[in-house]
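Notes for the one structure printed next.
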Amino acid sequence: MGYQLSKQNFGEVLGKLGETYRLFAPVLKKGEGRFKDTDVVRYDFVTNPDEIELEKKSDYAFKEFMLPISETLFFFTEDQVKEADIDEKDVLVFLRSCDMHAVKRLDYIYLENGKEQDWFYKRLREKVKFVLIGCADTFEDCFCVDMGSNRTEDGYVFSVDVIDGEFCCDVPDADMAKVFAECKAVETEVTPRFVTENEVHVDIPESIPIGIYGSDVWDEYSARCVNCGRCNIVCPTCTCYTMQDVFYTDNGKVGERRRVAASCMIDGYTNVAGGGQYRRTNGERMRFKVLHKIQDFKSRAGFNMCVGCGRCDMVCPEYISFSACINKVADAVRKEADDE
Amino acid sequence: MSRDINVKKLKKNAFRQSKVRGEAASRVRCPGGEIDVESLQRVVDIAKQYGKGMVNITNRQGFEIPGIDLDDMEEVNKALQLIIENRGINQEKYNGGYPASGTRNVVACPGKSLCPFGCYDTKAFAQEVDKAIFPNDHHVKIAFTGCSNDCAHTRLNDFGIIGQTEPQYDPARCIGCEQCVKYCKKRSVGALKVVNGKIERDTNKCVGCGVCVNYCPTRAWTRSKEEYFRVVLLGRTGKKNPRMAEDFMKWADHDTVIKIICNVYAYLDEYLDKEAVESKEHIGYIVDRTGFEEFLKYIMKDVDPNPKCEIQGRIYWGGKRYDQTNELRQSMFRFSERED
């Protein structure tokens with residue numbers, strides 16, 4: 001079922017949905033970029049359509065709801081533990097097709113990988129329904145087509161495409177459709193827009209031989225990368241975290257356990273007892289990250305981790321391109337094959 | 001033909017008297033160190049037609065066109081009209097050139113228009129101040145710089161205006177990666193430390209440079225919406241007592257800054273040494289005579305500083321007093337006579 005409606009009526013839809021759901025959507029944060037008078041698009045809770053950034057690609061990913069950047073898991077005192085409360089309301093998360101594909105990666109890691117499911121992820125994940133934001137055109141760094149994440153057929157309760165100021169929504173969810181019908185939405189055939197062509201192309205080798213480990217392809221990143229970890233923080237599929245056990249300063253018997261996002265590029269990630277560090281140079285860290293995204297994860301999960309959203313390229317202060325690196329790896333693999 | 005030239009008038013008209021008899025140099029005023037290409041082309045044209053085909057770039061971000069025949073000054077002034085209009089310089093007489101030269105070109109680093117660390121629009125502020133104080137014959141030097149790096153060397157000016165931002169911290173977005181701590185220490189003053197996985201900012205130590213904001217990978221640190229300024233006073237070069245400007249205000253707002261600058265002219269009208277050579281002395285020497293209290297009374301007239309603004313009640317300056325001693329601090333030796 002599809003609907004077409006004005007911005008005002010779409011606002012009414014969101015108002016009605018707001019009674020049941022919290023809305024988590026990309027928001028243009030004025031002046032909150034790194035530099036003076038620069039903006040950033042990151043996720044936040046909204047109440048009306050004016051707050052939602054539907055034009056630009058978000059700089060930071062939707063994952064911040066299910067995987068908060070900093071999340072208190074539980075509080076402890078002496079022999080008692082209590083899990084931190086969460087807002088009981090369900091959540092509608094607005095995201096693009098590539099991000100829908102990223103959800104599958106997050107679910108795999110936290111719900112399907114290993115015997116136990118992650119309790120804290122699961123309790124947030126169960127609250128979420130998705131709203132698909134259509135893509136009229138590719139953005140600068142996207143390579144979703146080559147990664148097969150440009151199309152999303154299902155998994156969303158409704159979609160949004162703004163065409164000539166009119167909100168066009170595909171609404172497969174029957175309950176949602178009722179709300180749209182109540183808000184003077186006109187029934188019509190709607191297919192969410194998706195891109196079929198990117199400017200950026202990647203050529204991921206079918207199999208990457210172990211020789212790539214010692215390849216000089218990584219050397220340049222030791223010199224170029226500043227290990228800031230922005231690429232991981234903005235990535236919709238990066239799932240690493242670290243723990244902080246905090247003992248309150250006024251009473252050390254009371255405290256909390258937090259988990260905070262971690263990055264395989266940032267110092268300290270591979271530190272082990274005794275002062276060991278498995279990946280010291282930024283080139284080694286880049287190798288780990290890239291191969292994980294395009295090979296190692298796939299060998300376990302059966303599908304690649306990277307969805308080609310290009311956010312890592314957008315955010316890198318050193319203009320390091322992930323897609324360019326994939327292609328450098330492909331060249332190195334081909335060269336090695338030719339040499340043999 | 002014998003020349004009968006009013007040299008005082010020539011200087012006031014922004015021509016510099018040359019050591020070459022019969023020649024002068026035209027001084028082009030560029031507030032904020034900014035010039036449009038049309039004006040720049042005019043500088044070139046004047047240098048070609050009336051000068052020697054060379055242009056001096058001045059320390060205070062202006063241009064100086066040497067080798068102008070004193071007989072051509074009127075024609076040069078006509079040619080300068082386009083630059084004066086394009087640069088928005090206050091003028092008294094059409095085609096009359098610059099009406100004063102005492103108050104020097106207002107200097108600015110590129111600031112937020114270009115520099116990742118710039119905390120405000122330095123050029124616009126410089127141009128605004130130029131509009132407010134020019135033309136004026138009093139010898140006043142003002143410079144604007146975007147951040148505490150002070151690339152504009154404001155501390156060698158009578159009024160140095162240094163941009164500040166008040167870092168805003170959202171602990172919910174902080175992963176404790178400590179990059180802000182590291183870079184604050186390495187590139188700034190070391191005002192940050194980690195307490196229980198989150199960051200504590202020493203608000204007294206923090207200079208408001210924004211380095212933490214630039215290096216934060218998660219947008220836990222952002223810039224304040226408000227722009228603030230550190231005001232440093234009465235720095236100077238020169239033969240007698242060169243010295244750095246000292247802190248007068250921190251966290252001052254825009255209106256406070258512009259008012260105290262404008263107020264200095266009444267003080268100079270009152271207390272400038274009537275016998276001063278070429279009616280010119282550094283303000284600091286006048287303050288030495290009147291006492292700082294009197295200076296403060298004048299520059300703070302009708303100023304209502306913003307509540308956050310901190311003001312230094314008494315200032316002591318350093319620098320070497322060459323009028324007292326020209327000795328080097330350590331006992332003097334000649335390199336050729338040194339003992340091995």
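Number of residues in the range A:44-71 that are farther than 15 Å from residue A:160 by Cα and either away from chain B (no Cβ under 14 Å) or touching a strand residue (DSSP E or B) at 6+ places or on another chain (Cβ under 6 Å) (or both): the value is 14. Among the residues of the range A:12-47, those identified as farther than 24 Å from residue A:61 by Cβ and surrounded by 18 or more Cβ atoms within 10 Å (Cβ to Cβ) are A:12, A:13, A:36. Being crowded, with 16+ Cβ neighbours inside 10 Å, in the same structural domain as residue B:292 (by TED's automatic domain parsing) and of a type outside the set (S, T, N, Q) is a property that does not hold for residue B:213.
Residues in the range A:126-142 that are in contact with a Leu (Cβ under 9 Å, 6 or more places away or on another chain) and of a type in the set (Val, Ile, Thr) were compared, and the one that is farthest from residue A:313 (Cα to Cα) is A:128. With the structure loaded, tell me whether residue A:84 is at pLDDT 95 or above and surrounded by 22 or more Cβ atoms within 10 Å (Cβ to Cβ) or whether it fails that test. Judged against the criteria, residue A:84 is not a match. The residues in the range B:177-196 that are part of a loop (DSSP other than H, G, I, E, B) and within 12 Å of chain A (Cβ to nearest Cβ) can be counted, and the count is 3.
The residues listed here are A:74, A:10; of these, the one that is in contact with an Asp or Glu (Cβ under 6 Å, 6 or more places away or on another chain), away from chain B (no Cβ under 13 Å) and not aliphatic (A, V, I, L, M) is A:74.
Does residue A:5 satisfy the criteria of being within 14 Å of another protein chain (Cβ to nearest Cβ) and in contact with a Phe, Trp or Tyr (Cβ under 6 Å, 6 or more places away or on another chain)? Judged against the criteria, residue A:5 is not a match. Selection of the range B:149-176 for residues being small (Gly, Ala, Ser) and within 14 Å of chain A (Cβ to nearest Cβ) yields B:163, B:172, B:176.
Residue-wise test of (1) more than 14 Å from chain A (Cβ to nearest Cβ); (2) touching a Phe, Trp or Tyr at 6+ places or on another chain (Cβ under 8 Å).
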| position | (1), (2) |
| --- | --- |
| B:89 | yes, yes |
| B:104 | yes, no |
| B:124 | no, no |
| B:135 | yes, yes |
| B:139 | yes, no |
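The helices (runs of 4 or more DSSP H) located wholly in the range A:228-340 that include 2 or more residues which are away from chain B (no Cβ under 14 Å) occupy A:282-291, A:297-301, A:322-339.
Among the residues making up the range B:197-228, those that are away from chain A (no Cβ under 11 Å), farther than 19 Å from residue A:33 by Cα and part of a loop (DSSP other than H, G, I, E, B) are B:202, B:203, B:204, B:205, B:206, B:207.
Where strands (runs of 3 or more DSSP E) fall wholly inside the range A:1-51, the ranges with 1 or more residues that are without any contact (Cβ under 8 Å) to a residue 60 or more places away in the chain and hydroxyl-bearing (Ser, Thr, Tyr) are A:40-46. Among the residues of the range B:229-240, those that are in a strand (DSSP E or B) and either closer than 22 Å to residue B:306 by Cα or without any contact (Cβ under 8 Å) to a residue 60 or more places away in the chain (or both) comprise B:229, B:230, B:231, B:232, B:233. If you check residue A:204 against the conditions, is it within 14 Å of another protein chain (Cβ to nearest Cβ) and surrounded by 13 or more Cβ atoms within 10 Å (Cβ to Cβ)? Spelling it out, it is not the case that residue A:204 is within 14 Å of another protein chain (Cβ to nearest Cβ) and surrounded by 13 or more Cβ atoms within 10 Å (Cβ to Cβ).
The values are calculated or read from the model by the stated rules, or taken from the named source; none is laboratory data. Predicted model, so just to flag it, every value in this text is computed and none were measured. Virtual Cβ from ideal backbone geometry, glycine too; neighbours counted across all protein chains shown.
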